[in-house]
Amino acid sequence: MGVDYPDLARTVAALCEGEDDTVALMATVVCEVHHADDRFDWTGFYRVVGPEVLKIGPYQGGHGCLVIPFSRGVCGAAARTGEVQLVDDVEAFPGHIACAASTRSEIVLPVRDGAGRLIAVFDIDSDRPAAFTEADAEGLQAILDRTFAGAAGGA
């Protein structure tokens, strides 16, 4: 079945209309996305807070790791390369950081502001193997790009 991304995008756009605070936008996006599909076990943002450093932002699910360097894990790879990371089996990903033992697959997307600066990564974990597809990557990236294009500075 999957997520109706056009519908989800409309909902997020309506809820975020006129808002430019990055944390408020992140909190709204994470809530809507997390509840959009039961494949999504943990959903959250890791904010760029310094050179090569990500720190936990708004999330839904169990506790996440607090700090992730760009050099480690799937989130670090997304931040380092600026590219979506689609991981069917986290055990097979070199340097995977196991924040939750139940995680089997993961998707992480770069989040950029209107100037194209990386401000965060958006991380979704699933307790199912190979839970994410290119359609998820495309649908989620479109929502992130539209939502954060007008975000006001520092995450």
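Values in this text are rule-based calculations from the coordinates and carry no lab data. For clarity, every value in this text was computed on a predicted model and none was experimentally measured. Ideal geometry is used to build each Cβ from the backbone, glycine not excepted, and the neighbour counts take in all protein chains shown.
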Q: Quick one: dipole size for the chain, taken about the Cα centre, charges +1 on Lys/Arg Cβ and -1 on Asp/Glu Cβ, in debye to the nearest 20.
A: 540 debye
Q: Set the Förster distance to 22 Å, then compute FRET efficiency between ARG128 and ALA149 from the Cβ-Cβ distance, nearest 0.05.
A: 0.10
(Q) Between GLU19 and ALA135, what is the label-point separation in nm under the 7 Å Cα-to-beta-carbon projection? (A) 2.8 nm
Q. GluC sites (Glu not before Pro) within segment 46-126: which are DSSP loop residues with at most 13 other Cβ atoms inside 10 Å?
A. GLU52, GLU83
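Can you pull out the GluC sites (Glu not before Pro) in segment 1-44 whose DSSP state is coil and whose Cβ has at most 13 other Cβ atoms within 10 Å? The partial results should precede the final answer.
Working: sites: GLU17, GLU19, GLU32; in loops: GLU17, GLU19.
For GluC sites (Glu not before Pro) across segment 1-44 that sit outside H, G, I, E and B with at most 13 neighbouring Cβ atoms in 10 Å, the list reads GLU17.
For Cα pairs less than 8 Å apart in space and 6+ apart in sequence, what is the mean separation divided by the residue count of segment 1-144, i.e. the relative contact order in percent?
Numbers: 275 pairs, mean separation 31.8, N = 144.
Relative contact order here is 22 percent.
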Q: Could you pull out which residues in segment 92-123 have an amide N less than 14 Å from a spot 7 Å beyond the Cα of SER71, following the Cα-Cβ vector?
A: 95
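So what is the calculated 222 nm ellipticity per residue for the chain, using -39500 (n - 2.57) for each DSSP H run with n of 4 or more, over all residues, to the nearest 500 deg cm²/dmol? Please report the intermediate quantities before stating the final value.
On the way: 4 runs with 49 residues, N = 155.
Roughly -10000 deg cm²/dmol at 222 nm, from the helical runs in the chain.
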